[in-house]
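The structure appears below as structure tokens.
The values are calculated or read from the model by the stated rules, or taken from the named source; none is laboratory data. Because the structure is a prediction, the values reported are computed rather than measured. Every residue, glycine among them, receives a Cβ derived from its backbone with ideal geometry; neighbour counts consider all protein chains shown. For accessibility, only protein heavy atoms count, side chains too; no ligands or nucleic acids. Shrake-Rupley method; radii C 1.70, N 1.55, O 1.52, S 1.80 Å.
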Number of protein chains: 4
Amino acid sequence: MAKLWQKDYRLLKEIGEFTSGEDSMLDNELVEADVLSNIAHVEMLNSISMLSAKEAAELKKGLKEILKLHKEGNFKIHCSEEDVHTAIENYLTKKYGDVGQKIHVGRSRNDQVISDLRIYSKAKLLLLGEPLLDLIETLLKFAEKSKDVPMVGYTHSRKAMPSSVGLWAGAFVESLVDDLRLLRTAYILNNRSPLGSAASYGVDLEINRELLRELLGFEKIQNNLLYVNNSRGKIESIILFALTQVMLDLAKLSEDIILFTREEFGYFTLPNEVLLGSSIMPQKKNPDVLEQIRARYVQVESGLFMVLNILKGLPSGYNGDLQLTKEPLIRGFKITELSLKVMDIIISKLKINESNLIKGFSKEVFAADEATRLAKGEFSSRVKSANKGGKNK
Amino acid sequence: MAKLWQKDYRLLKEIGEFTSGEDSMLDNELVEADVLSNIAHVEMLNSISMLSAKEAAELKKGLKEILKLHKEGNFKIHCSEEDVHTAIENYLTKKYGDVGQKIHVGRSRNDQVISDLRIYSKAKLLLLGEPLLDLIETLLKFAEKSKDVPMVGYTHSRKAMPSSVGLWAGAFVESLVDDLRLLRTAYILNNRSPLGSAASYGVDLEINRELLRELLGFEKIQNNLLYVNNSRGKIESIILFALTQVMLDLAKLSEDIILFTREEFGYFTLPNEVLLGSSIMPQKKNPDVLEQIRARYVQVESGLFMVLNILKGLPSGYNGDLQLTKEPLIRGFKITELSLKVMDIIISKLKINESNLIKGFSKEVFAADEATRLAKGEFSSRVKSANKGGKNK
Amino acid sequence: MAKLWQKDYRLLKEIGEFTSGEDSMLDNELVEADVLSNIAHVEMLNSISMLSAKEAAELKKGLKEILKLHKEGNFKIHCSEEDVHTAIENYLTKKYGDVGQKIHVGRSRNDQVISDLRIYSKAKLLLLGEPLLDLIETLLKFAEKSKDVPMVGYTHSRKAMPSSVGLWAGAFVESLVDDLRLLRTAYILNNRSPLGSAASYGVDLEINRELLRELLGFEKIQNNLLYVNNSRGKIESIILFALTQVMLDLAKLSEDIILFTREEFGYFTLPNEVLLGSSIMPQKKNPDVLEQIRARYVQVESGLFMVLNILKGLPSGYNGDLQLTKEPLIRGFKITELSLKVMDIIISKLKINESNLIKGFSKEVFAADEATRLAKGEFSSRVKSANKGGKNK
Amino acid sequence: MAKLWQKDYRLLKEIGEFTSGEDSMLDNELVEADVLSNIAHVEMLNSISMLSAKEAAELKKGLKEILKLHKEGNFKIHCSEEDVHTAIENYLTKKYGDVGQKIHVGRSRNDQVISDLRIYSKAKLLLLGEPLLDLIETLLKFAEKSKDVPMVGYTHSRKAMPSSVGLWAGAFVESLVDDLRLLRTAYILNNRSPLGSAASYGVDLEINRELLRELLGFEKIQNNLLYVNNSRGKIESIILFALTQVMLDLAKLSEDIILFTREEFGYFTLPNEVLLGSSIMPQKKNPDVLEQIRARYVQVESGLFMVLNILKGLPSGYNGDLQLTKEPLIRGFKITELSLKVMDIIISKLKINESNLIKGFSKEVFAADEATRLAKGEFSSRVKSANKGGKNK
């Protein structure tokens, strides 16, 4: 059988390289997802008699071999193969013959890419929960142990009122908990099966979309076939927005720690194990790691911006522009996961310098309380002595 | 009693103008929210004996007057007053004397602004549901009546496979329904009471935050006082992201309609009542309205990025930079609401030209189906005749 | 004579309001430019006998009246008129009769808008030179007087090596001088006459584009008629990029001053006249003005990205989307001009606290010099005593 | 001699990996620049007697070996080495002993990175001229041969007036010529020697900055040492803006060609050698290459946005965040260069279908000319027969 997409002309080398872009590298991240979606597709094709039981068994055997090879680091996508889909088909065809070509019957490449990204993102969103909850726990412990350690509260980068280290750390806990909700919303909207959409206009086969959904554990089918392609980029942007918010919190936390560990403050001390030296100044211990988290927030945010702008002006249906949404998504997951882990190390090793924190309390810090006391006296003699606990009600 | 924030020096006129920015104009949108939050605050101050029953009654009377004046268009925030908070205090003080000054006891201006934005956003998010559901309904009706009208399906801006007008319209329904979930998430995260946070470090009064929350109908208290200020901008960005997604859908819909109403397609016809003429070409009927929706997507998206970038590099606690997040938020709500209404008019008046749609079906459109049929024959004689219905399973 | 663009149907009110947007307000900024371009057009029409000498004289008289009214604040663009072009034509027609309608013969509205923006931008770019050079001069004076005032030099927000206040201030001088080159490039690319392009495809009249160029003092004609429209947005983005760079410098300067005026540093003191008080804390003197400059950088930058993203996906020729590029341009000029003036006030009043600056020199600051001295000894005994002057060679 | 930046503690592996990021890969692009800047530095150190003639000769010999190895693809930067600077020092030390360590005397790593980026960017900006001028030439030829081929001119995506293929193609020539000026401005601002700035605060050596400038052929010295670091990111953004403008033109050209090669237009035909097939539809020939250029505009623009936002909120002096500006710069150059070459191929092979272009002329296209003719008759009988040539004056 001839390849359906074989053409009778040769693509110019320059064009081929340009259009394949970084896919052969990026797709390495998608091997597992692609194998899973292919196994489900094979089952379904068998259920509608487009593959015999023997053919299906062979293909599944081959796919499992690929997964094993991949986990051992031995499944390579060659530049010339361009993407994971071709690499897998080539493997199967080489080893099992013509049946290998049947793996993509009834599927378009867009269908395959979207399915892979959904499966990949679903796993990554779940996995991100772990380092995020770890960091929340570490911050909670830090806040608990420092809840009575006094710290100047700032507004407008100026000393404002008395506060505590615990209040400061607790603010990030509450913020990260809000991010969990954003990640959950992204998870829900991503948890829809695109399988069976082909090129958005179906195929002339009795594709069983419900079976595909069930096999891959998606919550729902993405019903409208055209919306499957129209949602490409949209779902990526929803995920990237949630990641951006996590990074925003980490960046603010970094900003604060960079400030509070300056020589002029000395409120906290960073452990030597996370600091970099200088090539020219022997005394320097630089918080590059925190500066980079700050910049990596921008990197994830730029990925979001890139996806939203790629979508700008695109008509309905698949458009080749969408190929470039893969990279910011995969990069966004990697950066966020790594940044969470790195921040967990930093917070767990951050040293609190109580004496410096207390030195920060110059007398202006109490001016507002003093003023309130005066005001209360004037307003009403009915008010009993101020209850500090009231602050946090 | 002297004003707490009175200073013994005069602010330079240029600096005053620069820092107040567009607030006197924007705050007109926040009068209702500010009155509501003030009424709750007055109740609470009375409950903790910081205001007598008589004082509280006077202040609430005054606040209701302001609301009435505002609804009649007669409550003006003067440039010199800078913001709604000062304008309200001035009104109350002028009419009711010194008690007017007590309205802001225990509150910082940030606290007031955040409360206003939460109350305002809560109402706006709820109200946005109406035009959004209207448009969904209009699109559903359009899809229903056109579900059997054939239309070429495109990929890569090229004719791909047979499809229908109904499938096209339905894609936007499913996309807008997904947006509802994003709006709901934004609603939930915004539905937290910031009242009583003062400048993020509490005040030396027994503020009853639970009473404030209850009076204003917020679902929860935003617990950590510092997080109240740290979430400024964050919550706005979450709302703006949801609005951006709605606008993204409207922009894609606009892109498609601009294309399909071109003379070269003629698939649909826009009604004259939504088209603009040309100053130089008598025959022209221009879809400015759709082009603007496309551009307004970018406007809301730019507002989102403005907020995200304002937050970049800011330390914890209130910072004056945050004042500039108000404008993109208010503008975002206005644009989205108006765009939804305008799109509803357009879809309800969009004419389908079935004969042109059918003319679009050149023979290549059937090539994939033909290929599949051949493939099926080759793969397996067990396959029964193709079932078109299978496409949408 | 009937209006060329009059249509036999009525535009829906909602659509009209949506598509006119903020133009009636924004166009107030363009009255002067529009009068100038109209006068040139009238001259040219007269030169090619499309207007009689008497007609041309009447129209020029009317246009000068409009300019006078505008300068007195008495020329209003009504919402219903939508833009400055209609307002001017209405004024002329009302006062001088049918000849008023001839003012736009051979012009499209795009042609008018582009011409206005070019004339407006040319003037604004020139005018911006004054506050920019003023600030450079103020910074130079500041650097000169503080060139021997020691200051710790920082890298990674950590004390690094000995430096001076003069070096710090001088860095901004050199940066702003670089910005002048960007502004100049923007000026050159904007200094092209678009007049006579009509809707990009010319008109069937012997328009004398060279005369129009000469009358308005543009350096060159923008030759290709289609490029006139294709460059809409492009030129705005080039201008906005130069403005963004100016704001970037002001934002960095603000960041530094906010830091160095913190209680923990006390290197500089901001004058009371530029500081805002707090509504709740009597002691607070907040640098809102600097925080806002920091945020206004983002505002101008967002305007740049709005323009770049509006252009994304647009085909050649005028598209209605471009109407929305006006606002970020006009806003960008306003913010940058005002920010420069405000910064000039701040720098000219910034107090240097030499004793605090000296207190910043803890012994680590000299570690690098010490290390270099050791290294030099080791490397070579040929090296004479270190020459501090060598640093700035 | 012990390494100056050797510390007595071990950096955590996770932190080391996080902070080195993609540098070992990216720095492969900078080997040539780094060798050049090192040779200049060695010469200068020798001239001030910090290196003996023998030492200088050895180091230069080693550096030339590295260059040779690099050109043969045999100079590898190991992940553990992190960057090109360490890799080079390691090579020299291993082969030539302790003298290898002297190569970085008086330099900080920032100094090295900035120097490399300037040298690299200077070369890349020059080299970009070639494909840009090639494309301009190809477009000029295309415009020349098609100047009399009629084409409908569009506004608002609607047929507007008669135009020509030549006018359409010529618009891009004029736009790309404008980009040359932006690239030239970027070239000028980049053409400043940062060498000798060390960590922005000089070193205690008689560094001869003028000799360094001369040896490397920079036009000027970047005078203020602190500005050298403050301009990091700023110069990158200026370059990226120029690249963004080139990509903007290519994206608009792509947009137009995608449209005009649609089946509904058929104005142009793309050659098979640049089209991709479909995995499911045998007839499809997809313009992925043009869609990707459209998306790659966004990729370069996102890089610009990333750099501008990384700079947001950074204080003066080097900050670790800046390390992340390298990647968008290098990527921006690669994409722009490749896109220019690819577009050159496309334009040189683009087929013009004159008969389809003529079919596009429905009678409305002449309505404006007709209206003008009527208007001219009414206005003035003095006007002679219309001169089509007037259009382009």
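Output yes when any residue across the range B:94-103 is within 30 Å of A:A198 (Cβ to Cβ) and crowded, with 20+ Cβ neighbours inside 10 Å, and no when none is. Scanning the range B:94-103 turns up no residue that is within 30 Å of A:A198 (Cβ to Cβ) and crowded, with 20+ Cβ neighbours inside 10 Å. Whether any residue in the range D:230-242 is under 30 Å from D:S164 (Cβ atoms), away from chain C (no Cβ under 11 Å) and either open to solvent by less than 10 Å² (accessible area, probe 1.4 Å) or modelled with pLDDT under 95 (or both) is what I want to check. No - not one qualifying residue is present in the range D:230-242. Residues in the range D:8-18: is at least one open to solvent by less than 20 Å² (accessible area, probe 1.4 Å), within 22 Å of A:K284 (Cβ to Cβ) and in contact with a helix residue (DSSP H, G or I) (Cβ under 6 Å, 6 or more places away or on another chain)? Yes, there is a match, as at least one residue in the range D:8-18 is open to solvent by less than 20 Å² (accessible area, probe 1.4 Å), within 22 Å of A:K284 (Cβ to Cβ) and in contact with a helix residue (DSSP H, G or I) (Cβ under 6 Å, 6 or more places away or on another chain). Checked against (1) hydrophobic (A, V, I, L, M, F, W, C); (2) within 19 Å of D:S278 (Cβ to Cβ); (3) in a helix (DSSP H, G or I), A:L59 passes all but condition (2).
Restricting the search to the range A:324-356, which residues are hydroxyl-bearing (S, T, Y) and either open to solvent by less than 10 Å² (accessible area, probe 1.4 Å) or in contact with a helix residue (DSSP H, G or I) (Cβ under 7 Å, 6 or more places away or on another chain) (or both)?
A:T325, A:T336, A:S339, A:S348
Out of the residues in the range B:146-179 that are in a loop (DSSP other than H, G, I, E, B) and of a type outside the set (G, A, S), which is most open to solvent (accessible area, probe 1.4 Å)?
Filtering first and then ranking leaves B:D148.
Scanning the range C:313-323 for residues that are crowded, with 23+ Cβ neighbours inside 10 Å and within 12 Å of chain A (Cβ to nearest Cβ), we see that the one that is nearest to C:T19 (Cα to Cα) is C:D321.
Of all the listed residues (A:L182, A:L140), the sole one being touching a helix residue (DSSP H, G or I) at 6+ places or on another chain (Cβ under 7 Å), open to solvent by 10 Å² or more (accessible area, probe 1.4 Å), more than 7 Å from chain B (Cβ to nearest Cβ) and not in a loop (DSSP other than H, G, I, E, B) is A:L140.
I'd like to check something: does the range C:76-93 contain any residue that is open to solvent by 30 Å² or more (accessible area, probe 1.4 Å), within 25 Å of C:I235 (Cβ to Cβ), without any contact (Cβ under 8 Å) to a residue 40 or more places away in the chain and not assigned by TED's automatic domain parsing to the domain that holds C:L182? Yes, some residue in the range C:76-93 is open to solvent by 30 Å² or more (accessible area, probe 1.4 Å), within 25 Å of C:I235 (Cβ to Cβ), without any contact (Cβ under 8 Å) to a residue 40 or more places away in the chain and not assigned by TED's automatic domain parsing to the domain that holds C:L182.
Within the option set C:R382, C:R373, being open to solvent by 20 Å² or more (accessible area, probe 1.4 Å), modelled with pLDDT under 95 and in a helix (DSSP H, G or I) holds for one residue only, C:R373.
Quick check on the range B:40-47. Is at least one of its residues over 34 Å from the mean Cα position of the chain (by Cα), open to solvent by 20 Å² or more (accessible area, probe 1.4 Å), modelled with pLDDT of 80 or more and within 26 Å of B:R118 (Cβ to Cβ)? Looking for residues that are over 34 Å from the mean Cα position of the chain (by Cα), open to solvent by 20 Å² or more (accessible area, probe 1.4 Å), modelled with pLDDT of 80 or more and within 26 Å of B:R118 (Cβ to Cβ), one finds at least one in the range B:40-47, hence yes. Scanning the range A:315-343 for residues that are touching a residue at least 40 places away in the same chain (Cβ under 8 Å) and within 30 Å of A:A198 (Cβ to Cβ) yields a count of 15. The set of residues in the range A:259-287 being at the interface with another protein chain (Cβ under 7 Å from one of its Cβ atoms), in a helix (DSSP H, G or I) and crowded, with 22+ Cβ neighbours inside 10 Å consists of A:V274 alone. A count restricted to the range C:201-229 and to residues that are open to solvent by less than 10 Å² (accessible area, probe 1.4 Å) and more than 7 Å from chain D (Cβ to nearest Cβ) stands at 5. Of everything in the range C:108-137 that's touching a residue at least 40 places away in the same chain (Cβ under 8 Å) and among the basic types (K, R), which residue is most open to solvent (accessible area, probe 1.4 Å)? Among those that are touching a residue at least 40 places away in the same chain (Cβ under 8 Å) and among the basic types (K, R), it is C:K124.
On the given criteria, is B:S157 in the same structural domain as B:F241 (by TED's automatic domain parsing), among the hydroxyl-bearing types (S, T, Y) and in contact with a Ser or Thr (Cβ under 7 Å, 6 or more places away or on another chain)? Considered against the rule, which asks whether it is in the same structural domain as B:F241 (by TED's automatic domain parsing), among the hydroxyl-bearing types (S, T, Y) and in contact with a Ser or Thr (Cβ under 7 Å, 6 or more places away or on another chain), B:S157 comes out as no.
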